[in-house]
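Scroll down for the structure; my scribbles are underneath it.
The values are calculated or read from the model by the stated rules, or taken from the named source; none is laboratory data. All values reported here derive from a predicted model rather than from experimental measurement. Every residue, glycine among them, receives a Cβ derived from its backbone with ideal geometry; neighbour counts consider all protein chains shown.
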Amino acid sequence: MSRGKLFVISAPSGAGKSTLLKRLLIEVPNLAFSVSHTTRAPRPGESNGREYHFVDHPTFTGMCANQAFLEWAEVHGNLYGTSRAAIEAQQAKGIDVFLDIDVQGARQLREQQLPGAIFLFITPPSWTELERRLRGRGTDAEETVQLRLNNARREMEAADLYDYLVINDRLDEAVEVLRAVIIAERCKARRNPDGLPIDWEKVTG
């Protein structure tokens with residue numbers, strides 16, 4: 001069976017990455033989402049194993065010592081990591097995995113030169129639109145908005161780390177671009193658009 005690919009996706013806050021991923025996971029077969037481990041406390045409505053695997057600090061550091069993470073980082077005082085075993089188990093089944101991480105984590109993975117890893121960066125159509133989206137939420141204080149904008153500036157400067165740049169101006173169009181990337185990468189690996197291996201003997205007779 002052809003091994004699944006790892007799609008590493010990053011975006012500044014407000015680019016619409018979460019909405020795009022939800023659509024892709026519903027509409028594209030044989031695609032999974034990597035659930036990260038974190039030491040932060042669950043937020044209201046979150047459940048263990050869905051948004052994150054919530055673990056305490058000693059458990060997380062023990063996993064680090066055992067090299068259980070493909071990458072890990074400290075963000076705002078909390079630790080976040082990507083389970084090596086969970087991703088490899090999905091890939092071994094021929095399932096493509098989407099990994100949603102920040103630029104810091106993507107840089108770690110790029111340096112590891114993981115076979116079959118594809119890096120995608122999502123951006124809004126303009127800086128003005130990004131600021132409008134962040135302010136339009138109406139839930140963050142001005143200090144928080146400025147922090148997100150400053151972080152977004154640094155993240156967008158790292159876009160050259162990625163293989164694909166997708167502008168999320170119109171949602172449906174951005175979803176189709178990402179779907180096209182997935183299909184193209186599957187075809188490289190001699191798999192059909194649904195992600196299943198091509199029966200080459202049948203094709204060639």
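Considering only segment 27-53, state which residues are touching a residue at least 12 places away in the same chain (Cβ under 8 Å), part of a loop (DSSP other than H, G, I, E, B) and on the phi < 0 side of the Ramachandran plot.
Here is the first cut: in segment 27-53, the ones touching a residue at least 12 places away in the same chain (Cβ under 8 Å) are 27-42, 49-53.
Still in the running and part of a loop (DSSP other than H, G, I, E, B): 28-30, 34-36, 39-42, 49-51.
Correct list: Val28, Pro29, Ser34, Val35, Ser36, Thr39, Arg40, Ala41, Pro42, Arg50, Glu51.
Residue check: Pro12 meets all listed conditions (1) under 25 Å from Leu149 (Cβ atoms); (2) in a strand (DSSP E or B); (3) of a type outside the set (Lys, Arg) but one, namely (2).
State which residue is farthest from Phe54 (Cα to Cα) when the search covers only segment 72-86 and only residues that are surrounded by fewer than 17 Cβ atoms within 10 Å (Cβ to Cβ) and of a type in the set (A, V, I, L, M, F, W, C). This residue is Ala85.
For segment 62-117, the set of residues classified as among the charged types (D, E, K, R) and either more than 21 Å from Leu24 (Cα to Cα) or at pLDDT below 95 (or both) consists of Glu71, Glu74, Arg84, Glu88, Lys93, Asp100, Asp102, Arg107, Arg110, Glu111, listed by residue number. Screening the candidates Ile183, Ile167 for the property of being at pLDDT 90 or above, out of contact with any Lys or Arg (no Cβ under 8 Å at 6 or more places or on another chain) and either farther than 23 Å from Ser34 by Cβ or acidic (Asp, Glu) (or both) yields one hit, Ile167.
Of all residues in segment 118-151, those that are at pLDDT 90 or above and touching a Gly at 6+ places or on another chain (Cβ under 8 Å) total 2. Under the condition of being within 19 Å of the chain's Cα centre (by Cα) and among the basic types (Lys, Arg), the residues counted in segment 162-205 number 2.
Restricting attention to segment 15-43 and to residues that are more than 15 Å from the chain's Cα centre (by Cα) and not aliphatic (A, V, I, L, M), the residue that is surrounded by the fewest Cβ atoms within 10 Å (Cβ to Cβ) turns out to be Arg43.
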